[in-house]
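The values are calculated or read from the model by the stated rules, or taken from the named source; none is laboratory data. None of the values given here were measured: they were computed from a predicted structure. Glycine also receives a Cβ, built like all others from the backbone with ideal geometry; neighbour counts cover every protein chain displayed.
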Amino acid sequence: MREGHEGTGPGAITPDGCAVELYARLPVADEPDVIAAAVPAGVRILELGSGVGRMTHALLERGFEVTAVDESAEMLERVRGARTICGPIEGLDLGETFDVVLLASFLVHAGDVEVRRGLLRTCVRHLAKGGCVLIQREGEDYHTDVPRERVDPAGFTVRIVSAEPVGDGVDSVHAEYVFPDATWTQTFRARPLTREQFEEALAETGLTVDRYLTEDRMWVRAVPMSDT
Ligand SMILES: C[S@@+](CC[C@H](N)C(=O)[O-])C[C@H]1O[C@@H](n2cnc3c(N)ncnc32)[C@H](O)[C@@H]1O
């Protein structure tokens with residue numbers, strides 16, 4: 001288990017506290033539409049932290065070629081139709097490049113700054129000339145608007161119960177996913193990043209914002225500074 005991360009509920013739990021059975025149930029939202037609108041049709045995508053393939057499968061259906069990376073073999077077992085690579089993103093070096101590298105699910109908010117640098121360096125290392133990195137950030141009030149809950153039309157409730165400081169600008173976030181027949185929880189470390197801090201983190205690894213893709217600025221298209 002990664003430090004400060006844990007999960008409860010039925011089935012396997014990943015090192016960052018995610019439940020495999022939970023992610024197998026979560027419906028995909030508008031993420032594939034946001035991605036498809038930001039990149040050319042049919043390109044090769046390296047998806048970092050793919051989980052069970054919630055987004056992977058929708059991207060494959062849209063005609064993209066996806067390589068899915070995750071450190072959980074149990075998550076990757078559920079991925080269909082994509083090449084899968086099991087291991088930590090931080091150390092990944094496939095010796096090849098992709099038109100698009102996808103770093104979604106707020107992974108850029110890793111509590112450990114070295115882990116975050118590792119994630120972003122992996123993005124840069126695998127980027128083809130002229131390619132882009134698509135990043136999903138937390139919403140602005142992610143750590144302050146707590147507790148909060150959302151009832152999903154698919155019949156479950158997501159609660160962000162608390163976000164408590166644990167030092168060095170990092171919060172311990174506790175989330176609950178309540179289904180009629182099962183409940184999962186996840187506790188994880190996350191570092192809030194203002195827009196400025198986020199852009200500084202990109203700059204550290206030679207990336208810059210090309211444009212924010214959504215009004216809430218949660219989705220970002222980043223490119224190497226040398227390409228601008
Ligand atoms: C919150 S889940 C999201 C999964 C998927 N992106 C989705 O939206 O359904 C995060 C996934 O990233 C994986 N993960 C988190 N940190 C990782 C790391 N540093 N290296 C490899 N996998 C990681 C976890 O195992 C988990 O499957």
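Consider only pairs whose beta carbons are under 6 Å apart and that are at least six residues apart or on different chains; among these, list those whose first residue lies in segment 98-117 and is under 14 Å from THR205 (Cβ atoms) and whose second residue is away from the ligand (no atom under 11 Å from the Cβ) and in a loop (DSSP other than H, G, I, E, B).
Hits for this filter: VAL101/HIS126.
Which of the residues spanning segment 11-25 are within 11 Å of the ligand (Cβ to nearest atom) and not in a strand (DSSP E or B)?
Restricting attention to segment 11-25, the residues satisfying the condition of being within 11 Å of the ligand (Cβ to nearest atom) are 12-20, 22-25.
ALA12, THR14, PRO15, ASP16, GLY17, CYS18, VAL20, LEU22, TYR23, ALA24, ARG25, listed by residue number.
Is there a residue in segment 158-166 that is farther than 19 Å from GLY7 by Cβ and either assigned to a loop (DSSP other than H, G, I, E, B) or in contact with a helix residue (DSSP H, G or I) (Cβ under 6 Å, 6 or more places away or on another chain) (or both)?
No, every residue in segment 158-166 fails to be farther than 19 Å from GLY7 by Cβ and either assigned to a loop (DSSP other than H, G, I, E, B) or in contact with a helix residue (DSSP H, G or I) (Cβ under 6 Å, 6 or more places away or on another chain) (or both).
Output yes when any residue across segment 26-34 is near the ligand (Cβ under 8 Å from one of its atoms), under 18 Å from ALA110 (Cα atoms) and not basic (Lys, Arg), and no when none is.
no
Can you report the number of residues in segment 59-78 which are in a helix (DSSP H, G or I) and farther than 27 Å from GLY91 by Cα?
Total meeting the criteria: 1.
Residues of segment 184-204 being surrounded by 16 or more Cβ atoms within 10 Å (Cβ to Cβ) and not charged (D, E, K, R), which ones?
Within segment 184-204, TRP184, THR185, GLN186, THR187, PHE188, ALA190, PRO192, LEU193, PHE198, ALA201, LEU202 meet the criteria.
Within segment 37-50, identify whether any single residue is assigned to a loop (DSSP other than H, G, I, E, B) and within 12 Å of the ligand (Cβ to nearest atom), and answer yes or no.
yes
Is it the case, given these coordinates, that ARG125 is away from the ligand (no atom under 11 Å from the Cβ), surrounded by fewer than 20 Cβ atoms within 10 Å (Cβ to Cβ) and among the basic types (Lys, Arg)?
yes
Any residue in segment 158-178 that is more than 17 Å from THR194 (Cα to Cα) and without any contact (Cβ under 8 Å) to a residue 40 or more places away in the chain sitting within a Cβ distance under 6 Å of a residue that is basic (Lys, Arg) and surrounded by 13 or more Cβ atoms within 10 Å (Cβ to Cβ)? List the pairs, counting only those 6 or more apart or interchain.
GLU176/ARG159
So which residues in segment 198-228 are assigned to a loop (DSSP other than H, G, I, E, B) and at pLDDT below 95?
THR228
Here are LEU120, LEU94, LEU59: which of them is surrounded by fewer than 20 Cβ atoms within 10 Å (Cβ to Cβ) and of a type in the set (A, V, I, L, M, F, W, C)?
LEU94
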